[in-house]
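The values are calculated or read from the model by the stated rules, or taken from the named source; none is laboratory data. Being a predicted model, the structure only gives us computed values, none of them experimental. Here the Cβ positions follow ideal geometry from the backbone for every residue, glycine too, while neighbour counts run over all protein chains shown.
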Amino acid sequence: MIVVAITGASGVIYGIRLVEVLKELKIENSLIISDAAKTVIKSETDLEIEDIISLADNYYEFDDLTASINSGSFKFDSLAIVPCSMKTLSSIAHGYAANTITRVADVSLKERRKIVIVPRETPLRTAHIKNMLTLSQEGAIILPPMPGFYSDHASVDDQINFVVGKILDSLNIENDLFKRWE
């Protein structure tokens, strides 16, 4: 099972598309959407929160620290935080597990499960880079949403699929969302 967490950074469409693709591929997934992400979803998309939640096999509330997913004994394969706000990134890097997303990330790191973090901020300040380095040193994959232009992308959807395809690659999930370098 893949856990997808969507935080309140711009670029929520990456997380939404990831959940769509996991559903298409029939890969079990769980979803957490932060309160700030719900605001960004309303601002950046025409989608209803309930429609996004319906794409997931399981949904966990952002502020439910008693949720089973917060325990190291709860089995899941990997976590993708897409997009990841700098607040969430900092909380994870410093072990501040104050909500469901940061607690699941804490569990992922301590249990040595795969974690992919898609940070969304530009430009980056030194504190952001240090937090990414800290998490990388703990085994997290830091995957900024930087589209490749070698695939002759024709649309924004192609760019989104490129990034989501890279996330799936990092999770060792076969996909054909983008044209690969030949």
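A few points about this structure:
- Of 121, 50, 111, all but one fail to be surrounded by fewer than 18 Cβ atoms within 10 Å (Cβ to Cβ) and in contact (Cβ under 8 Å) with a residue 60 or more places away in the chain; the exception is 121.
- Hey, residue 40 hydrophobic (A, V, I, L, M, F, W, C) and either under 12 Å from the mean Cα position of the chain (by Cα) or part of a loop (DSSP other than H, G, I, E, B) (or both) or not: no
- Within the stretch 171-182, residues that are farther than 24 Å from residue 79 by Cα reach partners that are buried (at least 16 other Cβ atoms within 10 Å of the Cβ) with beta carbons closer than 6 Å, at six or more positions or on different chains, in the pairs 179/151.
- Residues that are in a loop (DSSP other than H, G, I, E, B), farther than 18 Å from residue 33 by Cβ and in contact with a strand residue (DSSP E or B) (Cβ under 7 Å, 6 or more places away or on another chain), drawn from the stretch 74-132: 77, 113
- Selection within the stretch 154-176 - part of a loop (DSSP other than H, G, I, E, B), under 11 Å from residue 18 (Cβ atoms) and among the aliphatic types (A, V, I, L, M): 171, 173
- The condition of being among the small types (Gly, Ala, Ser) and over 14 Å from the mean Cα position of the chain (by Cα) holds for only one of 91, 108, that being 91.
- Lone qualifier among 98, 105 - being of a type outside the set (S, T, N, Q), surrounded by 21 or more Cβ atoms within 10 Å (Cβ to Cβ) and modelled with pLDDT of 95 or more: 105
- Meets criteria (at pLDDT 95 or above and of a type in the set (S, T, N, Q)) for residue 66: no
- Taking the stretch 143-162 as the range and being surrounded by 18 or more Cβ atoms within 10 Å (Cβ to Cβ) and modelled with pLDDT of 95 or more as the test, the residues that pass are 143, 145.
- Top-ranked residue of the stretch 1-26 - restricted to ones that are without any contact (Cβ under 8 Å) to a residue 40 or more places away in the chain and more than 15 Å from residue 160 (Cα to Cα), ranked as surrounded by the fewest Cβ atoms within 10 Å (Cβ to Cβ): 26
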